[in-house]
């Protein structure tokens, strides 16, 4: 060997004109469509994750609701038989009624959170400490809140029983009485939900335009007029988020019921989410298809409501443009 490289190895490989043509066309395509493609490239990871972990399970749940399956053996196709059984199931209608009670009761969190936000939106000494105390329920685990309220409702040694005794009344077994159990759990659920709505409104109040406030004061607006005509219209985004989150939280309520009553007494406090768990995953059920049918009904209720709210918000935004 001479120690010299051959002519073919002395120079690096240069792309031919045929190889560089696709690169030029791809670069030209990107330059023409960069503005429209860039947002989708940024959204692609989230869209892929949403499809894999949300859309696909929803479709699988819809399909499973058409089968009779115990989770282990072979699934048999039965069509809409699970939905027909749901229609004639009194426990399903009782759970749906309790969901309605949750929905109505949870809506109280929105005006309560707004009132607390207006109260705490002050520039006085120590207000940060007070805000932290009101914010505290939101960071506590739902399981802990359920246990605390279970002790609070204890008819023998709970705080509620002691308060009733001071008023000359007998203690009430809230969680053991089918007439009061659902309402008692809703009150426990309101404790962190009000704190969450308060945080949303506090954030919204920080973005309220002070020039509009000053102009309204010069015009003589104050009190209720100031709140309804100037402040609340600017809090519309916070109200929208609060309503959607509150309604979804009311419809998918599960953990409080599991901790405090486990659906009792005699199923009087169960909701759709807990009834789905009982039918599909507990030792009393293992009816995966029937549980999926309950989940499908719950999903459609949420979908209809959120779709209605989104359409309404879109129309309002369109009218204000």
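The values are calculated or read from the model by the stated rules, or taken from the named source; none is laboratory data. Since this is a predicted model, take the numbers as computed values, not measurements. Methodologically, a virtual Cβ is constructed for each residue, glycine included, from the backbone with ideal geometry; neighbour enumeration extends over all protein chains shown.
Summary table below
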| read-out | value |
| --- | --- |
| Filter result for residue 173 (touching a residue at least 60 places away in the same chain (Cβ under 8 Å) and either in the same structural domain as residue 262 (by TED's automatic domain parsing) or more than 22 Å from the chain's Cα centre (by Cα) (or both)) | no |
| Within region 122-156, tally of residues that are surrounded by fewer than 16 Cβ atoms within 10 Å (Cβ to Cβ) and either not assigned by TED's automatic domain parsing to the domain that holds residue 204 or not in a helix (DSSP H, G or I) (or both) | 8 |
| Unmet requirement for residue 282, which otherwise passes all of (1) without any contact (Cβ under 8 Å) to a residue 12 or more places away in the chain; (2) not in a loop (DSSP other than H, G, I, E, B) | (2) |
| Residue identified as under 30 Å from residue 119 (Cα atoms), in contact with a helix residue (DSSP H, G or I) (Cβ under 6 Å, 6 or more places away or on another chain), surrounded by 14 or more Cβ atoms within 10 Å (Cβ to Cβ) and modelled with pLDDT of 90 or more among 212, 190 | 190 |
| Residue that is in a loop (DSSP other than H, G, I, E, B) and either under 28 Å from residue 180 (Cβ atoms) or outside the structural domain of residue 103 (by TED's automatic domain parsing) (or both), where the choices are 264, 220 | 264 |
| Residue list for region 31-50, restricted to those being farther than 29 Å from residue 300 by Cβ and within 25 Å of the chain's Cα centre (by Cα) | 42 |
| Residues that are assigned to a helix (DSSP H, G or I) and more than 19 Å from residue 242 (Cβ to Cβ), drawn from region 302-321 | 303, 304, 315, 318, 319, 320 |
| Flag for residue 253 being under 16 Å from the mean Cα position of the chain (by Cα) and assigned to a loop (DSSP other than H, G, I, E, B) | yes |
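Conditions (1) crowded, with 18+ Cβ neighbours inside 10 Å; (2) within 18 Å of the chain's Cα centre (by Cα), marked per residue:
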{"residue": "246", "(1), (2)": "yes, yes"}
{"residue": "249", "(1), (2)": "no, yes"}
{"residue": "259", "(1), (2)": "yes, no"}
{"residue": "272", "(1), (2)": "yes, yes"}
{"residue": "292", "(1), (2)": "yes, no"}
{"residue": "301", "(1), (2)": "no, yes"}
{"residue": "315", "(1), (2)": "no, no"}
{"residue": "319", "(1), (2)": "no, no"}
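The rows are residues; the columns are (1) at pLDDT below 80; (2) within 22 Å of the chain's Cα centre (by Cα); (3) not in a helix (DSSP H, G or I).
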position: 13; (1), (2), (3): yes, no, yes
position: 29; (1), (2), (3): yes, no, no
position: 52; (1), (2), (3): no, yes, no
position: 56; (1), (2), (3): no, yes, no
position: 70; (1), (2), (3): no, no, yes
position: 91; (1), (2), (3): no, no, no
position: 94; (1), (2), (3): no, no, no
position: 100; (1), (2), (3): no, yes, no
